[in-house]
Every structure is written in structure tokens, then in C-alpha cells.
Amino acid sequence: MTLSISEVFEKMFYIFLEPLDIRYDEYDMEAAISFEGTISGDVRILFSREIVMAMVQNMLGLEGDGITGQDMEDCSKEAVNMVCGNFLSRLDSTKVFNLSSPSFKEPGDLESGEDICRMDFDSDYGKIGVMVGFSLTQMRGSQP
Amino acid sequence: MSFNVLIVDDSRSMRAVIKKTISMSGFKMDQCLEAGNGREALDILVKAWVDVIISDINMPEMNGLEFLEELKKDSLLKAIPAIVISTEGSEKRIQDAYDLGARGFIKKPFLPEEIKKVLYEVIGVSDEGKYEEDKENDDAFDF
């Protein structure tokens, strides 16, 4: 997952991420996507406002005043879409996974459990958190 | 020689990025047309001449694979080279796209050079903007 996150942020947003050793919870927005296949689950990316502004600037070439809420939503949704797609093809490129349309909202529950993997990253522009949850029921019921 | 490109993606930002990336790559683009899904793209193709299509897979209303299927049914439209650009990385989905007539596949995230390379490959034109057969003729006179 770390490789997928780095590849997407470096190639599309020109942002270099460093893993954080401590947990960070002060995020401003969240984009999420779910996937279904031989395993199912969801990927959530939590963003600080500053990093989303930088993503829009770097991806679309827009400057501060020209950036709209819609631009920020679009970029965040594209990021989670690409990270999830990249992660699943690295996980097993022989399997087909169906991805939902990405959603965008204020950060939801940030608690991680045994079936949720949580990572936080820092950059020159701000922080992101990534949460990956797997649906254990479907994993157990899936074909090997 | 420059080319008309149709970009089909439900994300306005991604369409803007693809357009910017093509411009940055040095590919000789004339008109850049945009559609939010396969249905909108078909409406554009009725009215405008397009040299190459770049389409996402996951889109509402008519997705990229359904769009390729529609192109394949039309004797004129099936001649337009179509490139699929998607986060989808599964071998089966990529093969499905090729089976439906796609001539190239670009995986998101992408670099400008990747887009340029595939664009020139599918329309059979060299980096200098010459058709491959012209280039061969040029080479014949290269003493």
C-alpha cells in the first residue's frame, strides 16, 4: 500500500511523502472508495486542507485564489481512486475488482481495528492518513 | 501535422490533467474535445472529427468498455484509434479492452512520456509527427 500511495502522489501530484511514526488525527477532509472482488473492503484517505490545495495546484496548475471546493473534491476523489486501483493491481493483477464511485466528506471515525490498517504520512505541504479496511466475512467466504 | 483528441472521463480534473499532460508531452494536438462518459462521447463523435480517443473505464451512464463496444459496432467510428486510461490494473480488464478494439492502455498514475509514446504508437506517427510509412521513405533517401 505504501508503494501505491507514493507512486500516485509523486507521479500525479509531485508530492513526496514520508511515513509518520506518530498518529495524527487533525484532518480536514476525507475521500473514500470501496472495492469488491475475491476480497472486499474500502480505502479512505484523510487530508489536511494544505495538502489538498497543493495537490490541486500541482495537478491542475491552478493558483490559490482560483481553486474551488469542487477542484479540491475532484482531486481528492481521483487520489483515492488511483491509490485503490494501484494497490489492488499490485495485490493480484489476475483478479478483477469492482470499484465504487469515490465519495468525499468530512473525516469520519478514525479508530482503527484489527481489520483496518492505518498509516499517516507527512510532506512539505501537509499530512495525509490512509485507512484500509477489509471485509473479513467475504475474505473467509471467497475462493482461494 | 496535428491531431484532434477526444478525452472521455467523468472527472473534470482528470480530463484537465490528461489535456495538460498531452500538451506538456510535445504531442501535436489541435482540438481537444471532452466528454464525461461514453454516451456524451458518442454525441460528440456524430458532430466532430476526432483522430484519437482517450477513455477511462469506470464512468456513470456508459462506461469505457460499453463505449468501446458501441464504437466497434459502427463502421466509421471503429476506425478511430481508442486508448484506455484507467486505474484498473487487472489483466482481464485490460484484455477485455483490447478485445473490444482498444489499441493502447495507459495505467493511472501516468507520466507525460507514457501518454506521448502510446499516442504516437496508436496513430502510427513518429515523435517528429511523420507517419511511419513516410519515415521509411525518408530513410530510403538517407545516404
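Quick check of the Kirkwood formula: for segment B:3-140, what is the inverse mean of 1/r over all pairs of different Cα atoms, in Å? List each step's numbers first, then the result.
Numbers: mean 1/r = 0.0664 Å⁻¹.
When all Cα pairs of segment B:3-140 are included, the Kirkwood radius is 15.1 Å.
For segment A:1-90, what are the per-bin percents of Cα-Cα distances with bins 5 Å wide, up to the bin holding the maximum?
2, 13, 24, 25, 19, 11, 4, 1, 0
Near B:Leu111, within a Cβ-to-Cβ distance under 14 Å, what is the net charge of the other residues, with Lys and Arg +1 and Asp and Glu -1?
Summing Lys and Arg as +1 and Asp and Glu as -1 gives +2.
Scanning chain A for chymotrypsin sites (Phe, Trp or Tyr not before Pro) in DSSP loops with at most 16 other Cβ atoms within 10 Å, what's the longest stretch left with none?
A:25-144
Lys and Arg at +1, Asp and Glu at -1: add these up for the other residues within a Cβ distance under 12 Å of B:Gly101 and post the number.
Neighbourhood net charge equals -1.
May I ask you to give the average projected area over all directions of the convex hull of the Cα atoms of the protein assembly as shown, in nm² rounded to one decimal?
The Cα convex hull of the protein assembly as shown, projected and averaged over all directions, gives 18.2 nm².
Where in segment A:1-101 are there GluC sites (Glu not before Pro) that are in a DSSP coil and have at most 10 other Cβ atoms within 10 angstrom of their Cβ?
Hits after loop and neighbour filter: A:Glu26, A:Glu63.
Average partner chain C-beta neighbours within 10 Å, per residue of B:90-97? Don't jump to the answer; show the numbers that get you there.
Working: counts 10, 6, 4, 4, 2, 0, 1, 0.
For peptide B:90-97, the averaged partner shielding equals 3.
Which far-off residues, 5 or more places away or on another chain, put their amide H under 5 Å from the one on B:Ser55, with H placed in the peptide plane?
Those qualifying (amide H under 5 Å, at least 5 residues apart or on another chain) are B:Val8, B:Ile83, B:Val84, B:Ile85.
Starting from segment B:1-103, pick out the chymotrypsin sites (Phe, Trp or Tyr not before Pro) whose DSSP state is loop and whose Cβ has at most 16 other Cβ atoms within 10 Å.
Passing sites in segment B:1-103 are B:Trp49.
All of the numbers you see were taken from the coordinates with simple rules; none came from a lab. Keep in mind that what you see is a predicted model, and the values were worked out from it rather than measured. Neighbour counts run over all protein chains shown; Cβ positions are idealised from the backbone, glycine included.
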